[in-house]
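The values are calculated or read from the model by the stated rules, or taken from the named source; none is laboratory data. Note that the structure is a prediction, hence the values are computed from the model and not measured. For neighbour counting, all protein chains shown are included, and Cβ atoms are generated from backbone atoms with ideal geometry for every residue, glycine included.
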There are 2 protein chains.
Amino acid sequence: MARVGMRKEIVEAAFEQFHARGYNAAGVKDITDAAGVPKGSFYNHFPSKEALAVVALDRYGETVRMRDLTDRSVEPLARLRAHFEFLRDETVRHGFARGCMLGNFGAEITDHSETLRTAVREGFARWSALITGVLDEARSAGGLRPGLDPEATAVFVLSAWEGTLVRARADRSGEAFDAFFSLVFGTLLA
Amino acid sequence: MARVGMRKEIVEAAFEQFHARGYNAAGVKDITDAAGVPKGSFYNHFPSKEALAVVALDRYGETVRMRDLTDRSVEPLARLRAHFEFLRDETVRHGFARGCMLGNFGAEITDHSETLRTAVREGFARWSALITGVLDEARSAGGLRPGLDPEATAVFVLSAWEGTLVRARADRSGEAFDAFFSLVFGTLLA
């Protein structure tokens, strides 16, 4: 029988395992072992590893503090900068490892799973829409470089962020982060 | 005994398999099957899958036409744009799949293999250095936005490109490419 606590433990372990190891490297047994539950109990809770990965991706989404992007008590571009600084600090805290689960799944598995491609696409779309909102606010307040289209700019900045994480992990250095903050906030937007 | 032709067939199959499926999803047997050679022959040619992946990454590097970046018969920023347009067209030709092997390995495996992390880091460093050279030329010719640091800008543009590929694959659409070309060549550099 499915136990509510067991499902939650599996999701939490899957989030950790997928984030640390990637989709293919994290097997169902790795996940159930990490959760401390019998492997046989897995299919009481999830029809497939793929289905679990969609839930784990949602769980990851909760950790990136997207809601901070709608906090109007902070000036729009300062808010956007603080958002990426928080994510940078998380990556540094993990020794320049892990990066973004959306980007990792995007690079590893979207070509091979329509279910996960949809989940990644929707995750990026939600995130981009929030960034578009911030840039719209900045534009209304006269704080955005004239001529920038908020929607295309949001897509671009989020893509730049995803690539920056990959580079920083390969380099195990903050050089790519420094370039991102300097070019996005020092040149592109302001 | 190691056969020269067989080694080359393994490298070519590995390049295809790693690019299409990723590092973990492409097993040694998948690669030897695709090469049409016995699995047992693999270790006559390579000490490990990891060692083969380094060679396959070099093979991938030959396909991205980095040398075009040093072709001084073309105006610097037009040359840089044509370079990324070629890579965009390759991704579109593959049905918005595959992306960049450096970025894919970067997202999937650099946290777990020091050998592959070094290979990816060096690949990115070479590529960035070539882009820095193009931006230096553009600056000397007065064709670069004043105040941009060519080295940091090169790191940023390459990161933005890598993230753009991931987004375009997740979306199966050219929207992220359009944003990249508009923001990089319409706003950031010129």
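Which number in (1) under 17 Å from B:PRO76 (Cβ atoms); (2) touching a residue at least 60 places away in the same chain (Cβ under 8 Å) marks the one condition that B:SER140 misses?
Unmet for B:SER140, out of (1) under 17 Å from B:PRO76 (Cβ atoms); (2) touching a residue at least 60 places away in the same chain (Cβ under 8 Å): (2).
Of all the residues that make up the stretch B:60-75, how many are within 10 Å of the chain's Cα centre (by Cα), at negative phi and not small (Gly, Ala, Ser)?
Of the residues in the stretch B:60-75, 5 are within 10 Å of the chain's Cα centre (by Cα), at negative phi and not small (Gly, Ala, Ser).
Please go through the stretch B:107-127 and give me each residue that is over 22 Å from A:ALA20 (Cα atoms) and more than 12 Å from every other protein chain (Cβ to nearest Cβ), ordered by number.
Within the stretch B:107-127, just B:ARG126 meets the criteria.
Does B:THR118 satisfy being of a type in the set (Ser, Thr, Tyr), surrounded by fewer than 24 Cβ atoms within 10 Å (Cβ to Cβ), over 22 Å from A:THR118 (Cα atoms) and not assigned by TED's automatic domain parsing to the domain that holds B:VAL54?
Answer is yes for this residue.
Based on what the data block shows, is B:ALA20 within 14 Å of chain A (Cβ to nearest Cβ), of a type in the set (A, V, I, L, M) and within 17 Å of the chain's Cα centre (by Cα)?
When the stated conditions are applied, B:ALA20 passes them.
Considering only residues that are in contact (Cβ under 8 Å) with a residue 24 or more places away in the chain and in contact with a Ser or Thr (Cβ under 7 Å, 6 or more places away or on another chain), which ones fall in the stretch B:109-132?
Those that are in contact (Cβ under 8 Å) with a residue 24 or more places away in the chain and in contact with a Ser or Thr (Cβ under 7 Å, 6 or more places away or on another chain): B:LEU116, B:VAL120, B:LEU130.
Just name the residue that is nearest to B:GLY27 (Cα to Cα) out of those in the stretch A:1-30 that are at pLDDT 95 or above and among the β-branched types (Val, Ile, Thr).
Among those that are at pLDDT 95 or above and among the β-branched types (Val, Ile, Thr), it is A:VAL28.
Within the stretch B:92-144, count every residue that is assigned to a helix (DSSP H, G or I) and in contact with a His (Cβ under 8 Å, 6 or more places away or on another chain).
The total comes to 2.
Check whether at least one residue in the stretch A:70-91 is within 25 Å of A:ASP171 (Cα to Cα), facing chain B (nearest Cβ under 9 Å) and touching a helix residue (DSSP H, G or I) at 6+ places or on another chain (Cβ under 6 Å), and report yes or no.
No, every residue in the stretch A:70-91 fails to be within 25 Å of A:ASP171 (Cα to Cα), facing chain B (nearest Cβ under 9 Å) and touching a helix residue (DSSP H, G or I) at 6+ places or on another chain (Cβ under 6 Å).
Quick one: would you say B:ALA179 is within 11 Å of another protein chain (Cβ to nearest Cβ), among the hydrophobic types (A, V, I, L, M, F, W, C) and surrounded by fewer than 22 Cβ atoms within 10 Å (Cβ to Cβ)?
No; evaluated as a whole, the condition is false for this residue.
Name the residues in the stretch A:59-77 that are part of a helix (DSSP H, G or I) and surrounded by 14 or more Cβ atoms within 10 Å (Cβ to Cβ), would you?
A:ARG59, A:TYR60, A:GLY61, A:MET66, A:ASP68, A:LEU69, A:PRO76, A:LEU77
Could you check A:PHE185 against (1) away from every other protein chain (no Cβ under 11 Å); (2) of a type in the set (A, V, I, L, M, F, W, C); (3) more than 22 Å from B:VAL155 (Cα to Cα) and say which number it fails?
For A:PHE185, the failing item is (3).
Scan the stretch A:133-176 for residues that are acidic (Asp, Glu) and within 7 Å of chain B (Cβ to nearest Cβ) and jot them down.
A:GLU162, A:ASP171, A:GLU175
Would you say A:LEU130 is more than 10 Å from chain B (Cβ to nearest Cβ) and farther than 30 Å from B:PRO146 by Cα?
The answer is yes for A:LEU130.
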